[in-house]
1. Using 14 Å as the cut-off for backbone N distance, which residues of segment 188-203 belong to the label zone defined by a point 7 Å from the Cα of A86 along Cα→Cβ?
2. Could you please rank M131, M437, placing first whichever residue has the fewest other Cβ atoms within 10 Å of its Cβ?
3. Of all DSSP beta bridges located in segment 243-421, what percent are antiparallel, nearest 5?
4. Within straight cross-link reach of K389, meaning Cα distance under 12 Å, which aspartates and glutamates are found once same-chain residues fewer than 8 apart are removed?
5. Let me check I have the definition right: for segment 243-421, take the eigenvalues of the Cα gyration tensor, multiply each by 5, take square roots. What are those semi-axes in whole Å, largest first?
6. Using label points projected 7 Å from each Cα along Cα→Cβ, tell me how many nm separate N355 and I466, to one decimal.
7. Take every Cα-Cα pair in the chain and report what % of them are more than 32 Å apart.
8. Please give the charge dipole size of the chain, origin at the Cα centre, charges +1 on K and R Cβ atoms and -1 on D and E Cβ atoms. Round to the nearest 20 debye.
Amino acid sequence: MSCQTKGKNAWYKAVIIITVLGITAIVALVTTAVLQNKPLLQKYKYGIVLDAGSSHTAVYIYEWPAEKDNDTGRVQQTHSCKVQGAGISSYSVFPGQAGASLKSCMKEAESLIPLSRHLETPLYLGATAGMRLLRMENQSLSDQVLWSVEEVLQSSPFSYQGARIITGQEEGAFGWVTVNYLSDRLKQGSGTTGALDLGGASTQISFVANQDVAEESAENAVTFRLYGNDYFLYTHSFLCYGKDQALKLALAQQTQSGDSSVLDPCFHPGYSVDRSYFSVYSSPCVMAGKPLVSRDSFTHVGAGNASLCQEVVRRIFNFSSCSFSRCSFNRVYQPPLQGPFGAFSAFYFVMNFLNLTSGSLESSREKLERYCSRPWTQIKQQHPDVKEKYLAEYCFSGSYILSLLTDGYNFTSDTWTDITFIKKISGSDAGWTLGYMLNLTNMIPAEAPDTPPLPHAGYVTLLFFISLLLFFLLFLCFRFLWPHRNSQTQMI
Ligand SMILES: O=c1ccn([C@@H]2O[C@H](COP(=O)(O)OP(=O)(O)O)[C@@H](O)[C@H]2O)c(=O)[nH]1
């Protein structure tokens, strides 16, 4: 009897010891797994891109977790700084001052990026259509402007990677990369979004099309291999068709007769401003010469009629001949549109101001008609905080956007709703800069990165349950083994 009790006690002790050891082992196992797989302390890396546009320069700072250079959807814009004054191309009279204009935004970047990261932070400047036009007019002046900005950027503590005029094709293609990267469509390999970008001096259209784009018009074809997927992109940049240059083209059309005043349907009734011919005809986009009159200026008078404005705007496009199977305008090839599309930059600024970012094409036309017909004094009263120059041009810009998208790119009432007007995606501005940096830093791999079969939480849970199961099996083993050994002891 006492021998049996002793045996039982020993068995209970063994079970308790095994239970304690088992639980300790499980806790140790799960703790190790959690600690081992916990993401490292969130240390960030940074990149800076300067977008030297025709109307202004903006400095964008991007950041991403240091240990995830190759992952997707992780790089995000952490800050942007608008450089005071006009775009760098406007410094052609005093090229040396172009660089100085960037200094305050660069100081801001220095204070925002941790000191320990300065040396390794890549810094790029890309100039767009304003500088393309200046280079066309005077290569030496455009070089001097670039040297001036180069000097300032080189003296910054960051890793300066160069300042250059990017091509229209790059501007279009990297805008497409940005939009699709930020909406996480590249890694998923799902359908992509086309990109519509409107600047002051150029406009870009980019979307995935069939491979035969390259056969029909090689200059409009761009191919990318991203995360293991091939993309065949149609892209075109129309120099001189940004909204500021388009206005000059429209004004040149209307002032050809040389009359002392021009009644312009694209400006509000009651609007009247004296403009110099030089401000219109000095642009390299305006091919026609100044009308042969002795006057230096004309009076620009508003008539406020959006339908008539659309007719004026249509005349700045050339629809006359197309040597391809199909064209948008100015004899440029364009394959059938494949939506959806994200429209950003000035597309967004203008449509947002006019409250036209949603609704049908017809309702947008009606709203614009009403807006343009309103007296200029009333418009000014209603928007005292908007700069007059911008305010005066929204009727023209809205009409231009509707005409560019429908007459130019062939969007219809049915496909209008494929367009989403966007400013930012997940906190980062839509534009070419992010795509440009991702490309130059090789942050989008051609092949899909290896991903663990399970997410971290799933992995830990699985580990826990397998340990629990093992322990339970071990417990069962002892449960059956011990009584057997006890009975053997009793027999002896
Ligand atoms: O808050 C803003 C900022 C910009 N713009 C306009 O958007 C265009 C931006 O052009 P950018 O300088 O980027 O020109 P790009 O060099 O790309 O042609 C210009 O017409 C600006 O006047 C605007 O309407 N509202």
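1. 200-201
2. Working: M131 26, M437 23.
Sorted ascending by nearby Cβ count, the order is M437, M131.
3. Counting DSSP beta bridges with both partners in segment 243-421, the antiparallel share is about 45 percent.
4. Straight-distance partners of K389: D244.
5. Working: eigenvalues 151, 103, 31 Å².
The answer is 27, 23, 12 Å, longest axis first.
6. Roughly 6.1 nm, to one decimal.
7. Working: 64566 of 120786 pairs.
Pairs farther apart than 32 Å: 53 percent.
8. Values: 38 positive and 39 negative charges, 408 e Å.
Rounded to the nearest 20 debye, it is 1960 debye.
Every read-out reported here was derived from the displayed coordinates using simple, explicitly stated rules and does not represent laboratory data. Treat the numbers as computed from the prediction; the structure is a model and nothing was measured. So basically every Cβ, Gly included, is an ideal-geometry build from the backbone, and we count neighbours across all protein chains shown.
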